[in-house]
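S.K.: Here it is: the structure, laid out below.
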Amino acid sequence: MGDARLLQRAREVVRFDTPELDALIADMKETMRVLDGVGLAAPQIGVGLRVVIFGFVSSARYPGAGSVPCTVLINPVLEPLSEEIETEWEGCLSVPGLRGEVPRWRHLRYVGRDPRGQRVDRTVEGFHARVVQHETDHLDGVLYPMRVKDMRRFGFTDVLFPDQAETFG
Ligand code: NI
């Protein structure tokens with residue numbers, strides 16, 4: 001947080017199934033794995049392209065969240081499917097040591113492309129929908145603290161949750 005590259009609108013990917021795109025995605029997956037996040041957006045490693053990855057089998061920090069399929073999503077477009085908003089805690093690998101309560105659409109459809117250019121089209125809800133909204137925000141230069149409505153619900157992870165580690169991307 002504070003790096004100008006996190007505040008810019010990332011560009012659409014126009015060429016799929018290329019060694020460059022595959023190398024970017026491999027780098028992102030390795031970064032997310034090492035930092036133990038559940039999602040990551042390309043601008044977080046300094047690349048201004050509309051590429052996000054997310055997914056996990058289980059998260060120690062979100063034991064009730066259930067799994068989210070490991071996904072590479074390119075040029076995502078989000079469509080809320082109801083008016084329902086959920087407010088839950090989020091963190092971010094680019095905002096280390098902090099967490100805040102963020103309102104997000106509960107029901108969401110997202111479309112985009114996979115690394116080969118094949119269409120992705122999913123209808124999701126809850127934590128899965130939250131992760132996609134968080135990561136797609138990164139492509140538009142939005143960090144989750146900008147969406148915290150009640151700043152009393154924003155603070156240091158180790159103070160708020162003494163027994164939990166970092167998560168998200
Ligand atoms: Ni993030």
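S.K.: For the stretch 32-48, name all the residues that are among the hydrophobic types (A, V, I, L, M, F, W, C), more than 11 Å from the ligand (Cβ to nearest atom) and within 14 Å of the chain's Cα centre (by Cα).
M.R.: Step one: of the stretch 32-48, the residues among the hydrophobic types (A, V, I, L, M, F, W, C) are 32, 34-35, 38, 40-42, 45, 47.
Remaining after also requiring more than 11 Å from the ligand (Cβ to nearest atom): 34, 42, 45, 47.
Matches in the stretch 32-48: ALA42, ILE45.
S.K.: Can you pull out every residue in the stretch 139-153 that is more than 22 Å from GLU84 (Cα to Cα) and either at pLDDT below 95 or crowded, with 17+ Cβ neighbours inside 10 Å (or both)? Even if it seems obvious, please write down each step before you answer.
M.R.: Within the stretch 139-153, the subset more than 22 Å from GLU84 (Cα to Cα) is 139-141, 152.
The one that is more than 22 Å from GLU84 (Cα to Cα) and either at pLDDT below 95 or crowded, with 17+ Cβ neighbours inside 10 Å (or both): LEU139.
S.K.: Look through the stretch 83-106, keep the residues that are closer than 17 Å to ILE53 by Cβ and small (Gly, Ala, Ser), and return whichever of them is nearest to the ligand (Cβ to nearest atom).
M.R.: For the stretch 83-106, the residue satisfying everything is SER94.
S.K.: From the set of residues in the stretch 5-22 that are within 18 Å of the chain's Cα centre (by Cα) and among the hydrophobic types (A, V, I, L, M, F, W, C), which is farthest from CYS92 (Cα to Cα)? Steps first, answer last, please.
M.R.: If we filter the stretch 5-22 for residues that are within 18 Å of the chain's Cα centre (by Cα), which is where we start, we get 5-13.
If we keep only those that are among the hydrophobic types (A, V, I, L, M, F, W, C) as well, we get 6-7, 10, 13.
Numbers: LEU6: 12, LEU7: 14, ALA10: 18, VAL13: 24 Å.
Result: VAL13.
S.K.: Tally up the residues in the stretch 107-133 that are away from the ligand (no atom under 16 Å from the Cβ) and buried (at least 19 other Cβ atoms within 10 Å of the Cβ), please.
M.R.: First, pick out the residues of the stretch 107-133 that are away from the ligand (no atom under 16 Å from the Cβ): 107-126.
After this cut, where a residue has to be buried (at least 19 other Cβ atoms within 10 Å of the Cβ) as well, the list is 108, 110, 112-113.
So the answer is 4.
S.K.: In the stretch 4-23, how many residues are part of a loop (DSSP other than H, G, I, E, B), touching a residue at least 60 places away in the same chain (Cβ under 8 Å) and more than 10 Å from LEU139 (Cα to Cα)? Full working, then the answer.
M.R.: Looking only at the stretch 4-23, we keep the residues that are part of a loop (DSSP other than H, G, I, E, B), and these are 8-10, 12-18.
Within this subset, residues satisfying the condition of being touching a residue at least 60 places away in the same chain (Cβ under 8 Å) are 8-10, 12-13, 16-17.
Then drop every residue that is not more than 10 Å from LEU139 (Cα to Cα), which leaves 13, 16-17.
Total meeting the criteria: 3.
S.K.: Which of (1) surrounded by 15 or more Cβ atoms within 10 Å (Cβ to Cβ); (2) at pLDDT 95 or above; (3) away from the ligand (no atom under 15 Å from the Cβ) is the odd one out, the single condition ALA65 does not satisfy?
M.R.: (2)
The values are calculated or read from the model by the stated rules, or taken from the named source; none is laboratory data. Quick caveat: nothing in here was measured; it's all calculated off a predicted structure. Cβ sites come from the backbone with ideal geometry, for glycine too, and all protein chains shown count toward neighbours.
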